[in-house]
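Notes for the one structure printed next.
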């Protein structure tokens, strides 16, 4: 025999539980989104960038055009008294045209640093000081940490407001979906 009152009572309990799960999902995803945005703003404010995209051939075949390169900011390494050494790959501001350059250190004379791109036949025509260095590229067994071709994607994304907005929307949606899955499992 079907009891309508018991069915309504169970349905009300189920609806309360669903509302609670929806609230938890929205609350946790909002907190995660806020923390992510706050962390991004703090890093941008202090000009701490951990990735850079290369577009030249000077470091070929070590780094190819469009590779996304992991960088450790030099001012953070200075805190731990880590100095660049010969054979390190560094990102620095060129003293000639103020452009960012990613080359390997081939020699250090006193406080002057001589660099060269792996693909270039000659060393750079200028020397730089440690103040010009922006970041050092970490390596494992002399292989720089990088993601091939992702730099092209991020450069395109950065130059187009619509694509940037679309990508941010997709990331937020993905984050909310993953939060929902985490809540559902627990």
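Observations on the model:
- Rounded to 0.05, the FRET efficiency of the residue 123 and residue 78 pair, given R0 = 22 Å and the Cβ-Cβ distance, is 0.30.
- Extents of region 51-147, largest first, come to 31, 29, 25 Å (Cα atoms, principal axes, whole angstrom).
- Projected label distance in nm at residue 108 and residue 13, using a 7 Å step from Cα toward the beta-carbon: 7.0
- Region 53-80 and region 108-162: distance between their alpha carbon centers, rounded to Å: 4
- Each Cα pair under 8 Å and six or more residues apart adds its separation to the average, and for region 51-147 the resulting relative contact order is 32 percent.
- FRET efficiency estimate (nearest 0.05) - Cβ-Cβ, residue 100 to residue 39, R0 35 angstrom: 0.90
- Extension gain for residue 163-residue 178 works out to 3.2 nm (0.36 nm per residue, less the C-alpha to C-alpha distance).
Every number here is computed from the coordinates shown, using simple stated rules; none is lab data. Remember, predicted model here, so these are calculated numbers, not experimental data. In this analysis, Cβ positions are derived from the backbone assuming ideal geometry, glycine residues included, and neighbour counts consider all displayed protein chains.
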